[in-house]
Amino acid sequence: VGGKVAVEGTVSRISDAKTINLAFEQIPGVTLVSSTVQVQPLRIDVQFYFEPNSATLTSVDLDSKIQQVKVFLEQHPQKSLKIYGYSYDSNGSSAAQQIALERSQAVQKALIERGIESSRLQAMGTTGSPPGVNLTQDASLSRCVLLELIDK
């Protein structure tokens, strides 16, 4: 209105917000660009849960969640994943450590089988509780795989 443009939304990088403003400023007749674009880092909030002593992904996880992660990685080729497998054990036993690693490797393998480069996937396991999960919560919440985005 009257040469003024208001831009709202979210971006993952501040440089994207600047690029958007510059693009609008180049439009003939635009005299003022008002921006309330917020910067929110990219996140991938997909979690995988497992039965006790199991590293087998469910068919729902394979059909839905793995596909979701694959699409995300295809849309963001500059990103890689740290894949954290969890298996809570107050003693930190080697068996719990192994199952945690196997869980992360199951997710890694499923992504590789669907075309994601192995160099973009780092699998690791731990016997601690996942972030935000404590001992008073259901034990199933500690049998999981969480994902963390990292730059390639």
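Throughout, read-outs are computed from the coordinates displayed, never taken from laboratory work. Everything quoted here is computed from the prediction, not taken from an experiment. For neighbour counting, all protein chains shown are included, and Cβ atoms are generated from backbone atoms with ideal geometry for every residue, glycine included.
Separation of the stretch 16-42 and the stretch 103-152, taken as the distance between their Cα centroids, equals 36 angstrom. Students often forget the sequence filter, so: which lysines lie under 19 Å Cα-Cα from residue 65 once same-chain residues fewer than 8 apart are removed? In chain and number order, the partners are 79, 82, 109.
Between residue 22 and residue 82, what FRET efficiency follows from the Cβ-Cβ distance if R0 is 35 Å, with the result rounded to 0.05?
Details: r = 34 Å, r/R0 = 0.96.
FRET efficiency, residue 22 to residue 82: 0.55.
Taking 1.306 mPa s as the viscosity and 10 °C as the temperature, the Stokes-Einstein diffusion coefficient of the stretch 48-143 based on its alpha-carbon Kirkwood radius rounds to 115 µm²/s. Dipole magnitude for the chain: about 320 debye, using +1 per Lys or Arg Cβ and -1 per Asp or Glu Cβ, origin at the Cα centre.
Cross-link reach is defined here as a Cα-Cα straight distance under 18 Å, omitting same-chain residues fewer than 8 places apart; for residue 4 the lysines meeting it are 18. Relative to the longest principal axis of the Cα atoms of the chain, helix 14-25 runs at roughly 20 degrees. DSSP beta bridges fully contained in the chain are about 40 percent antiparallel. Sites listed here are trypsin sites (Lys or Arg not before Pro) in the stretch 92-142 whose DSSP assignment is loop and whose Cβ has at most 15 other Cβ atoms within 10 Å: 114.
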